[in-house]
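Student: Can you read through this structure? Questions will come right after.
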Amino acid sequence: MPIGSCNLICEGTGNDMEFISTRDKSKRVTAAQAIVQGISEEGGLFVPEKFPQISAEQLDKLAGMAYPQRAEYILSEFLTDFTRAELYECVNGAYNERTFDTRYIAPTVKLSDTTYLLELWHGPTAAFKDMALQLLPRLMSTSAKKVADGKKIVILVATSGDTGKAALEGFKDVENTEIIVFYPEKGVSPMQKLQMVSQEGGNVHVCGIDGNFDDAQSGVKQIFTGSMKNQLAQKGMMYSSANSINWGRLAPQIVYYFSAYCDLLNNEEIALGDKVNFVVPTGNFGNILAAYYAKKMGLPVGKLICASNSNRVLTDFFKTGSYDRNRDFHVTKSPSMDILISSNLERLLFDLYECDDKAVAALMEQLKNEGNYTVSQAVKAKADEFFWGGCCSDKETADELKDCFDRYGYLMDTHTAVALKVYRDYVKESGDSTKTVIASTANPYKFSGAVLSAVRGQDVKADSDFELVDMLEQATKCPVPENLASLRSKAARFTDSCAKDGLESYVKGILGL
């Protein structure tokens, strides 16, 4: 039987998939509407009314496919208002060797007898966000033709580093779209910032904010649910999102967990039906939620290990059942996880509360007003069944990164190192020897300073980030990806900044409202 009982409570009729809001399940939309709209009008997140089941026979069939075909197969179960021809065009336009530096798209690499790395950073921006954000613009354009009535779609993005560049790259010069990205000025790596502020494209805008990612994310959400959308409609425009609050961003991430399992089958590392654990470094909870949804669909998954840095709000939630963002915010060496408001946790709560939208809405209102909430004991017990949470400090991250490079000759970024350290803590506590796949979320050269300091075992300073890149390449003999090396010759196009409460004014200025 599928995990959770939401499959039964929210079961729809017929083959067409509809999506409902986590805060008001009477709101029902098609996949195209969910993608174009981004979030529900009352602030809830769209989730599928049911989860299709992938049998062992289907999984075996998937193993014989290339990545694009796996993606088309899985996504067709959710995007039922897309024709096969439309889905084929979207998927094959996104996942190909012109865009990714390997025909495997997201290869699974063996680290040890029980540990594997799912490399999600072979796309144009060298981060896992490419796996979804190369596809989302194509899904968005196709959806807009169905439901947007010719309106220009304004994409608003809050980023902790990687989503911004991946969204900018994916949406640049896409017809009838405008994209505005907000990033914390002191919360991204120099390479991440340069990738964003040098972005090409006539429809792109980038703005730093005097605050952290949570401030950016909250500001964007307020714009979505505020009155400004009426002004937008009068100008023939509408908002949407490229963050993982958008179902079109989250759905493609389900695919690579199925793909990793298929890779292990093909390499005879596991037998069909064997369970596999997944470890995911996460801040906004979207990446690990996709693994949970894969499990709900029938993928043989054991434990889902949620890895955090010093901003351990998710770790504390899984250990205590209480979510509390009223705490110090830490700027770490794994900045893409520097988050205290994990938006996608709302989708998990909706599932664990058996689709009780009123309960979820009450929890989200309490989080907004008081900054915390505590789930019921029954929900805590369900979460414990599926998840284990752990965290580590910057020093532990650096030590793990160095140990991995010294022992295996494998160079990883700081976020992946967090995941590896948390995984070792999990094994030590549980004794679980299940074969485990770690989501490797970024190329190490995106965080050259932190990675070089870890490899050398001491802090390293340089006059520029590219000097650090050269030093890291010299020290490790690992090649620099061309898409990062080419940034040397690019100048900043965007120098805009605003206060954390100034996002709406900035958007109005850009759009002429």
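Student: Counting Lys and Arg as +1 and Asp and Glu as -1, each charge on the Cβ, what is the dipole of the chain about the Cα centre in debye, to the nearest 20? Please list the in-between numbers first.
Tutor: Details: 55 positive and 67 negative charges, 92 e Å.
Around 440 debye, computed over the chain.
Student: To two decimal places, what compactness ratio does the range 403-467 give when its Cα radius of gyration is scaled by 2.2 N^0.38 Å?
Tutor: Scaled against compact globular proteins, the figure is 1.29.
Student: Also: Under the classification rounded if a/c is under 1.5, otherwise prolate if a/b is larger than b/c and oblate if not, where does the range 116-230 fall, given a ≥ b ≥ c as square roots of the Cα gyration tensor eigenvalues?
Tutor: oblate
Student: So if I place +1 on the C-beta of Lys and Arg and -1 on the C-beta of Asp and Glu, and nothing else carries charge, what would the dipole magnitude of the range 6-137 be about its Cα centre? I want it in debye, nearest 20.
Tutor: Charge dipole of the range 6-137: 160 debye, to the nearest 20.
Student: Assign one of three labels to the chain, namely rounded, prolate or oblate, based on the Cα gyration tensor with a ≥ b ≥ c the square roots of its eigenvalues; rounded applies when a/c is under 1.5, prolate when it is not and a/b is larger than b/c, and oblate otherwise.
Tutor: rounded
Student: So which of Lys295/Lys358; Lys151/Lys172; Lys25/Lys380; Lys27/Lys50; Lys446/Lys500 end up more than 19 Å apart, counting from Cα to Cα?
Tutor: Long pairs (Cα-Cα over 19 Å): Lys295/Lys358; Lys25/Lys380; Lys446/Lys500.
Student: Under 16 Å from the Cα of Lys421, which aspartates and glutamates turn up, not counting those fewer than eight places away in the same chain?
Tutor: Qualifying aspartates and glutamates at Cα under 16 Å: Asp394, Glu396, Asp399, Glu400, Asp403, Asp406, Asp413, Glu429, Asp432.
Student: Could you please rank Trp388, Trp121, placing first whichever residue has the fewest other Cβ atoms within 10 Å of its Cβ? Walk me through the numbers on the way to the answer.
Tutor: Numbers: Trp388 23, Trp121 26.
Least crowded to most crowded, the residues run Trp388, Trp121.
Student: Write out the trypsin sites (Lys or Arg not before Pro) in the range 222-252 meeting two conditions: DSSP loop, and at most 15 other Cβ atoms within 10 Å of their Cβ.
Tutor: Numbers: sites: Lys229, Lys235, Arg249; in loops: Lys235.
Hits after loop and neighbour filter: Lys235.
Student: I've got another one for you. Out of the DSSP beta bridges found with both residues in the chain, what percent are antiparallel (nearest 5)?
Tutor: Details: 12 of 50 bridges.
Taking every DSSP beta bridge with both residues in the chain, the antiparallel ones total about 25 percent.
Student: Report the charge-dipole magnitude of the range 334-450 in Debye, nearest 20, computed about the Cα centre from +1 at each Lys and Arg Cβ and -1 at each Asp and Glu Cβ.
Tutor: 280
Student: Which one, Ile341, Trp121, Leu401, is farthest towards the positive end of the dipole of the chain when Lys and Arg carry +1 and Asp and Glu -1 on their Cβ?
Tutor: Ranked along the dipole, the leading option is Ile341.
Student: As a quick test, which of the pairs Lys235/Lys508; Lys165/Lys186; Lys428/Lys477; Lys296/Lys382 have an alpha carbon distance above 21 angstrom in this structure?
Tutor: On the way: Lys235/Lys508 12 Å; Lys165/Lys186 16 Å; Lys428/Lys477 32 Å; Lys296/Lys382 13 Å.
Those over the limit are Lys428/Lys477.
Student: Can you report the principal axis dimensions of the range 392-438 using only the alpha carbons, biggest first, rounded to whole angstrom?
Tutor: Cα extents, longest axis first: 25, 22, 15 Å.
Student: Report the equivalent ellipsoid semi-axes for the range 90-150 in whole Å, largest first, defined as the square roots of five times the eigenvalues of the gyration tensor built from alpha carbon atoms.
Tutor: Here the semi-axes work out to 30, 11, 9 Å.
Student: Is the shape of the range 256-385 best called rounded, prolate or oblate, per the rule: a/c under 1.5 gives rounded, else a/b larger than b/c gives prolate, else oblate, with a ≥ b ≥ c the square roots of the Cα gyration tensor eigenvalues?
Tutor: oblate
Student: Putting +1 on Lys and Arg Cβ atoms and -1 on Asp and Glu Cβ atoms, find which of Ala290, Thr374, Pro48 reaches farthest to the positive end of the dipole of the chain.
Tutor: Positive-most Cα among the choices belongs to Pro48.
Bear in mind that the values in this text are calculations on the coordinates, not laboratory data. The structure displayed is predicted, hence computed values, not measured ones. Neighbour counts are summed over all protein chains in view; Cβ atoms, including those assigned to glycine, are modelled from backbone coordinates with ideal geometry.
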